[in-house]
Structures are given as structure tokens and as C-alpha cells.
Amino acid sequence: MVKICCIGAGYVGGPTMAVIALKCPDVEVVVVDISAPRIEGWNSERLPIYEPGLDDVVRQCRGRNLFFSTDVERHVADAGIVFVSVNTPTKTRGLGAGKAADLTYWESAARIIADVSRSDKIVVEKSTVPVKTAEAIEKILAHNSKGGNIRYQILSNPEFLAEGTAIQDLFSPDRVLIGGRETPEGRAAVAALKSIYARWVPDDRIITTNLWSAELSKLAANAFLAQRISSVNAISALCEATGADVTEVANSIGKDSRIGPRFLSASVGFGGSCFQKDILNLVYICECYGLPEVANYWRQVIRINDYQKSRFVNRVVSSMFNTVAGKKVAVLGFAFKKDTGDTRETPAIDVCKGLVGDKAVVSIYDPQVTEEQVQRDLVMNKFDWDHPRHLQPMSPSSAKHVAVSWDAYEAARGAHAVCILTEWDEFRRLDYQRMYDAMHKPAFLFDGRNVVDPDKLRRIGFVVYSIGKPLDHWLRDMPAVA
């Protein structure tokens, strides 16, 4: 039996290994992590992450050929293929702080592999890493191996799944990318990993490249996707200034087959674990290779995203008589997108911090995010979310101006305004008349995801702001938002 071990039981490692186990019943798959609570979660009826369809996949395989364990060394030693899916956070201090990827956890994983291996291994980069990381890993393995003449082949196999549709993406991926050394040994390792995916992925969707192309492709893909979001968000600001409708503009340009319609929905901004981190990493790499113009180009994608979030907060404050001090603001949605409980880099963090900074009283409702997670996110330093939980700060003072409600109506009861920050489907079906009746007047609704019909809500009585839409007459009379 082929044995696969994955180091790291997070948003990528867990679902990916579960699908491999499902599709390859003759392959033993073990996901290992040093976090006992996380592994306990994977072995329980309530998985540590929310992803549609994941529960069913894990339930079918767990205990048969899919296992979750904290015994990292034993399972790494037994495996022929070792995936490494650990966090690569942005550095917060030292050389490259605020841009470069921190490879501390990757290096630790490599040293464990070297220490316990007694047979040849294929080591697969599943984490998003800087170009040339494989070269560094090769050196660590070569100089620290305890098992004699053990040979390692490093492959890059970045994951392109999207949270919220991860299981669907894994079942039917646009492509599977495998990069390896262009040597007989490297090609053999690529073929071995390809044979795993070939159980369910068509051959024409499995792309093989050299190591460096695969490593760079993941960074470039996320940069291109984020660029599209920042592009349409930049146009949304111009639409508001001119009376154009960003939805109509996006629909028009998306009909162009050279552009296409995806990732052209204007919003309060992008979030998630990858986009900002990977672009900052790309910026740092460009600077290191003496390409400042290229670095500045990609840095602007982040700047537009930050501008969109601050512009949203400014619109809320300026619309409400230039102050939200002491006013209750209901926030609907805290996850960075619908159908996930992931809050990493969610725009809601910056929006809530901006409102609390202006002394608003914020009441948050999200169907998949716990109160503990909300409070943790609001006191966390930038980039700390990508470190193990026991290294993340927690302050009891965080609860002072923020409450978490059990449903949307409770969050909005007695509020002066509602802000929609995640595009959960349930927010489209809410009884907004009921919500309006329980709010202070004038009642404001700021739609950061364009999920509601602004004209319908205006007929109810709301003062409505929708990203990139023609402004409510009330808002046109307010001072311009910088």
C-alpha cells in the first residue's frame, strides 16, 4: 500500500488529503499536526473547519484509509510521499518584515523529515512558498539526514482550491500543477505523484513543469485574481462619483470573451489567507531581484484594497452626520466570503476596527464564525493569524465595544445602521421590513457586497448605500468621501 503523510491539518491539507483518500482507497493517508485540539477536531463529529461537502468525504474515509494523528515522526518515517502544508506567514520583523514569507514552520517540517527518514522520500510543497524554496529545502534535507544515503525529491504541487467550493474544486479541478527537477529522478517523482491524481483527474488537466515555474505560478495566479478585484473596486469608486452602476459596467466588460465575467463583483474588498500575503511576497521577490517597477505595480493592488475598506468606513461615518459615536451598528457577515468560517484577512476586521475607532457600538452576526474568533481577530496584530493559536494574543478588553449576536434580527435591533460585509445567501432572504421596524430612524443600510435590492429597501424607508451604485439622494447631499 502506498503511504502518504501530510504535515499540517489546516484549510488546504485536511480537505486535500480527504479527497485523495476517497479517490484512492488503496492509498493510506495520514494527516499529522502538532496541535492536539486540531487533530481532535478532525477525529470528531464537528470538524475544525467549515466547508460544504467536507463532512461527508471525511466520514466515508476516516478510519478506513484516512487518519489524523499527532504522532508526526512515526507517520513521516513510514510514508513514501510527504506533503508539507504548513503556514508560511508574512514576516513581522527582521529582513523583509511586512512582505517576505516566514519559512520557519517549513524549515521545522524539513528538519523533522530529515531526522526521522530511513528510506527515500518524495517531499511535496503544498504550502504557497517563494520561488526557490525547494532549493533551500533540498539543502536542509541533504545536510541533516540521519539515515545514510537517503534520496529526496522535492516537488511543488500548489493548491488552487477556493474556500467555499473546495471539495467541488478538488473533485473537478481546473488543473493540477506538479513541478519537479528536470532529471531522471525528478521526472520519476513527478510521474509517481501524477499517478495519484490520475485516478480521477483527466490527463489534460495535470500540468507538469519545472520546480520554479510551479512555485511562481501559485503566486502569480493569486496576484492576477486579486488584481481583477481591485480593478473593479477602483471602477466602483468612479461609478459612485459619476452615477454609473458598477454591476452594469462589470456585466458589460465581462461579456468580452477576452476578459470574462469572473472576479468582477465589486465589494468592500478581498480577504482570505492568500491574496494579500502572496502579493506582498511577490513584491518582496521582485525587489530582491532588482525589479522595483514590477514590485510597485503589484503593491498597488494591495493599496486599492486598503483604500476600498477605508472608503467604506468613511462612507458610513459621513452619512450618519459625521459621527457614529455611541451608535449601534449591526455588521452582517464576518467571514471573508460566504460558505466558509475563515476570517483570515477578512475586510470585516478593518471595517469593525474603523467603526470602533470612531466609538461605534458594533453588533456582529455571522452564521459560521464564533464569538471567540471574532474577538480574537479584532485584537490580533497584523499577520499574527497565520501563526499557531497559542502564539496569538488575546485581550479581555476586546469585548468592550463589540458584541456577537445569535441572528441578524437581534444584531440589528436598536441599531442606527446595518453593514453587510459577507455575501451569505441568507442575507438576501431577510425580512428587511421587520429589521427596519426595530431600528432607530433614519435607518441606514450599507451593502458592502451588493446582495440586496437598493430600490426595494428604499421603499421600506432605508437610506441605502451599495458599492459602486448610484448614490441615494441623502448620500449625495453628504460631504464627498476621500
Among beta bridges assigned by DSSP with both residues in the chain, the antiparallel ones amount in percent, to the nearest 5, to 5
The helix 13-23 Cα axis meets the longest alpha-carbon principal axis of the chain at an angle in degrees, between 0 and 90 and rounded to 10, of 60
Computed over the chain: longest principal axis from alpha-carbon atoms vs helix 184-197 long axis, angle to nearest 10 degrees, is 50
Cα convex hull volume per residue for the range 223-477, in Å³, equals 134
Too long for a 29 Å Cα-Cα cut-off, among LYS23/LYS132; LYS218/LYS353; LYS126/LYS337; LYS139/LYS277; LYS277/LYS327; LYS255/LYS441, are LYS23/LYS132; LYS218/LYS353; LYS277/LYS327; LYS255/LYS441
Relative contact order in percent for the chain (Cα pairs under 8 Å, 6+ apart) equals 12
Quick tally, 1.4 Å probe accessible area for GLU426, GLU159, sorted with the most first, runs GLU426, GLU159
Given the candidates VAL31, TYR284, ASN450, the one whose Cα lies deepest towards the positive end of the charge dipole of the chain, counting +1 at each Lys or Arg C-beta and -1 at each Asp or Glu C-beta, is TYR284
Put GLU73, GLU51, GLU28 in order of accessible area, largest first, probe 1.4 Å, and you get GLU73, GLU28, GLU51
Here the Cα Rg-to-2.2 N^0.38 Å ratio for the chain is 1.03
With all protein chains present and a 1.4 Å probe, the order of SER217, SER273 from largest accessible area down is SER217, SER273
Using a 1.4 Å probe on heavy atoms of the protein chains only, the accessible area for ARG181 in Å², nearest 10, reads 70
In degrees, nearest 10, the alpha-carbon axis of helix 275-288 is tilted away from the dominant principal axis of the alpha carbons of the chain by 60
Classified through the alpha carbon gyration tensor (a ≥ b ≥ c as square roots of its eigenvalues; rounded if a/c is under 1.5, else prolate when a/b is larger than b/c, else oblate), the range 2-201 comes out rounded
With every protein chain kept in place and a 1.4 Å probe, the chain has an accessible area per residue in Å² of 43
Taking a label point 7 Å from the Cα of GLN60 along Cα-to-Cβ, the residues of the range 1-34 whose backbone nitrogen sits under 19 Å from it are 13-31
Carbon plus sulfur, as percent of the 1.4 Å-probe accessible area of the range 178-331, comes to 58
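The values are calculated or read from the model by the stated rules, or taken from the named source; none is laboratory data. Computed from a predicted structure; not experimentally measured. Heads up, the Cβs are rebuilt from the backbone with ideal geometry, glycines too, and the neighbour counts pull from every protein chain shown. Note: accessible area is taken over every heavy atom of the protein model, side chains too, but ligands, DNA and RNA are not part of it. Shrake-Rupley method; radii C 1.70, N 1.55, O 1.52, S 1.80 Å.
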